[in-house]
Amino acid sequence: MQDEEIIRKVRLEHERLRDITKALEDSLRSDAGDDLQAWLAEVCKSFEHFRAHLIHRIALEEIGGFLDIVVERRPTLSKQVEHLREGHAKMIEMAGETLSGLRCLSCTCKDARQQAGIYVQIMLSEVNYHEESENLLVASVFTDDLGVGD
């Protein structure tokens, strides 16, 4: 796979996840009126979509091998790549725990909306941190190899 293609695929996957994240955030902000149960069901559905795409994207990165290409080109970055891979496992586990937490919220919980928002924002913060780290690593390897510089 050519460098430009790898960069394009990574960028497209990140953009798709951003779109899904926006839909999730929109569901959190939506007004369900007095029907908290319906609101929680919609938030869970949106989060399930987010989680499924996150797992898909992680699988593409792991199986697609662009992290392997990073290590192949820059063996000195193997620890950073391993850290990203560990982050993948952590995010998948965290997404499952977040979904479980969302599903456990009920109409009897007086601050269910606030709690759902907290659960989701913690998850999104983890994903954002991971994406920034990943983008910096990939961009540094591939832009240096392409000769893009000062």
Original post:
So which residues in the range 105-150 are charged (D, E, K, R), at pLDDT below 90 and either assigned to a helix (DSSP H, G or I) or under 21 Å from the mean Cα position of the chain (by Cα) (or both)?
Top reply: ARG113, GLU131, GLU132, GLU134, ASP144, ASP145
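For (1) touching a helix residue (DSSP H, G or I) at 6+ places or on another chain (Cβ under 9 Å); (2) modelled with pLDDT of 90 or more; (3) not in a helix (DSSP H, G or I), each residue gets a yes or a no:
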residue	(1), (2), (3)
ALA23	yes, yes, no
ASP26	yes, yes, no
ASP31	yes, no, yes
PHE50	yes, yes, no
HIS56	yes, no, no
GLU62	yes, no, no
ALA95	yes, yes, no
SER100	no, yes, no
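The values are calculated or read from the model by the stated rules, or taken from the named source; none is laboratory data. Please read these numbers as outputs of a predicted model, since none were measured by experiment. Reconstructed Cβ throughout: ideal geometry from the backbone, glycine too, with neighbour counts over all protein chains shown.
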